[in-house]
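These notes concern the structure reproduced below.
The values are calculated or read from the model by the stated rules, or taken from the named source; none is laboratory data. None of the values given here were measured: they were computed from a predicted structure. Glycine gets a Cβ as well: all are built from the backbone with ideal geometry, and neighbour counts include every protein chain shown.
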Amino acid sequence: MQLSRSQVYTNRIMEPVRKKDTMRKATGRAGRLLLSLLIVTGVASCNSSEDPNLAWLVSLDGGSSQSSTGQSTSTEIPFSYTIDNIQQGTGDFVFETNKSIPVEILVEDPDGGVEGTRVLIRDANGERVLFRAITDAEGNATGVVTVNQDEQTAVIEVEYNGQTLYVDLDITDVVQTTVTLVIRVRADVSEVADADGDGIPDDEDDYPQDPDRATMVRVPAEGFYRVAYEDLYPKRGDADFNDYVVQVYHEQDLNASGKLVELRSYYAHIAKGAGYDHTLHLALPDVVSGEATLVRKDASGVELNSENLSISSGNAIEILGRSSNTISSSNTDRNQSFVMGHSAELTFLPDAPVALQTLGKAPYDLFIKVLNTGHEIHFAGRYFAEDGSDQYIDSAGFPWALMVPDYWQWPYERANIHDGYPAFDDWYLSAGTASQNWYDSPVADHVFPAN
């Protein structure tokens, strides 16, 4: 049997808790995917025509044509699952290089929704945890998976009675997905070591002694994002995307239900190729409130100041001060060596746990104020004029803000992104369907060598 990608990595990192399994997958790109999964185990069996498990199984087999059942024996427990994907529509292209996909997972057995089932989502290689939660009383777990735009697969792991079920999740061009996992034979819940009693086993819990925290999810899962701004708004910029460049990453502490209980965000000013001055700001959604601590540091990491802040009703906080003071080199000229600028660390404690769908997509509403003009520069796709047009897409169809992976190198002054990244044109002219990893192929003569 040829192992799937998820089985290869789970053999490597999950073998102590696995028994023999086989997976059969049928995939389709038009809306609905139907897959069947058999997990071989000796936990339960259907022994007679009076067995309620068998009766429930027979009733399922006569149901919708969109369900399928694997072949069973006395030592096999059949499982099935359906995946409903909402595919990428024909909405406006807003130059996004990452995607946040809401995922809703329902786990059922013959008694209905299974409460307390552990659900985990990893990247395709199994190396990064993207989300973890336990199901609620109805068997539901809801979260958000954030990955680069060119990533096509994630893997769902569902723990049931000591067994791990693996489901490949196609996230190509997907904006939302709903997974219904049907466990066709009921089994008793197994006991696990769980010191804080939150339902997440100690060996999986990032905070095994804290019942209010269970999982730390890093966004991005490794490295950081680079966010680059053009500052001539509302005039068209020169497309060098080096006027103000900051790098950022976030750490999300989630409770056992997969809701945010603490957010830590890290920012560093790394380039200023503009004559204008700027300040960096962050606004969270109107419905999110809580207390925050902001610590600013100089280029060598020495603390400059710290302040306590209240966040509510979408009020914006200043992350980094005047850009002429937060970096000593433009880091955009050909004869320069890279010099790090000031940094800031934000710790936010919401008043109540926040669903990731409510929090929104990283880096959230991160924007600059141009002190010389008084204008703010936001990402596209957030603010719209009365006629419905995007306030932050210029007359040439370009944004004033762009977020890219950490190895992206911004263009030199008097160069532009078209020179530095020839595949960029293919990407934006195709509305993001081609050359999704355009940032992987810089032209060294046109970009600043910052790694």
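Taken together, the criteria place THR180 among residues that are over 17 Å from the mean Cα position of the chain (by Cα) and outside the structural domain of ALA362 (by TED's automatic domain parsing). Just one of the listed residues (TYR166, TYR225) is closer than 27 Å to GLU108 by Cβ, among the hydroxyl-bearing types (Ser, Thr, Tyr) and either in contact (Cβ under 8 Å) with a residue 60 or more places away in the chain or not assigned by TED's automatic domain parsing to the domain that holds THR433 (or both), and it is TYR166. Considering ASP202, ASP188, the condition of being at pLDDT 90 or above, more than 26 Å from TRP438 (Cα to Cα) and part of a loop (DSSP other than H, G, I, E, B) is satisfied by ASP202 alone.
Given the criteria outside any strand (DSSP E or B) and under 16 Å from ALA256 (Cβ atoms), does GLU151 qualify? In short, no.
Does ALA344 meet the test of being crowded, with 18+ Cβ neighbours inside 10 Å and modelled with pLDDT under 95? Judged against the criteria, ALA344 is not a match. Scanning segment 347-385 for residues that are surrounded by fewer than 19 Cβ atoms within 10 Å (Cβ to Cβ), free of Cβ contacts under 8 Å to residues at least 24 places away in the same chain and in contact with an Asp or Glu (Cβ under 7 Å, 6 or more places away or on another chain) gives ARG382, PHE384.
With respect to the conditions (1) assigned to a loop (DSSP other than H, G, I, E, B); (2) within 25 Å of the chain's Cα centre (by Cα); (3) under 23 Å from ARG226 (Cβ atoms); (4) of a type outside the set (Lys, Arg), ALA396 lacks only one, and its number is (2).
Within segment 414-427, the set of residues being surrounded by fewer than 19 Cβ atoms within 10 Å (Cβ to Cβ) and either outside any loop (DSSP other than H, G, I, E, B) or modelled with pLDDT under 95 (or both) comprises ARG414, ASN416, HIS418, ASP419, ALA423, ASP425, ASP426.
Conditions tested, residue by residue: (1) more than 20 Å from SER328 (Cα to Cα); (2) at pLDDT below 95; (3) surrounded by fewer than 23 Cβ atoms within 10 Å (Cβ to Cβ).
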{"site": "TYR233", "(1), (2), (3)": "yes, no, yes"}
{"site": "ASP243", "(1), (2), (3)": "no, no, no"}
{"site": "GLU251", "(1), (2), (3)": "yes, no, yes"}
{"site": "LEU284", "(1), (2), (3)": "yes, no, no"}
{"site": "THR293", "(1), (2), (3)": "yes, no, yes"}
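The test for being surrounded by fewer than 21 Cβ atoms within 10 Å (Cβ to Cβ), without any contact (Cβ under 8 Å) to a residue 12 or more places away in the chain and touching a Lys or Arg at 6+ places or on another chain (Cβ under 9 Å) holds for GLU303. List the residue pairs whose Cβ atoms are under 7 Å apart, where the first residue sits in segment 108-136 and is basic (Lys, Arg), the second is loosely packed, with under 15 Cβ neighbours inside 10 Å, and the two are 6 or more positions apart or on different chains. Within 7 Å, the pairs are ARG128/GLU222. Looking at ILE105, ILE86, just one residue is surrounded by fewer than 17 Cβ atoms within 10 Å (Cβ to Cβ) and modelled with pLDDT of 80 or more, and that residue is ILE86. Residues in segment 216-230 that are surrounded by 19 or more Cβ atoms within 10 Å (Cβ to Cβ), hydrophobic (A, V, I, L, M, F, W, C) and not in a loop (DSSP other than H, G, I, E, B) were compared, and the one that is farthest from the chain's Cα centre (by Cα) is ALA228.
On inspection, GLN252 passes the criterion of being assigned to a strand (DSSP E or B) and in the same structural domain as ALA362 (by TED's automatic domain parsing). None of ILE317, ILE311 is in contact (Cβ under 8 Å) with a residue 24 or more places away in the chain, crowded, with 21+ Cβ neighbours inside 10 Å and β-branched (Val, Ile, Thr) except ILE311.
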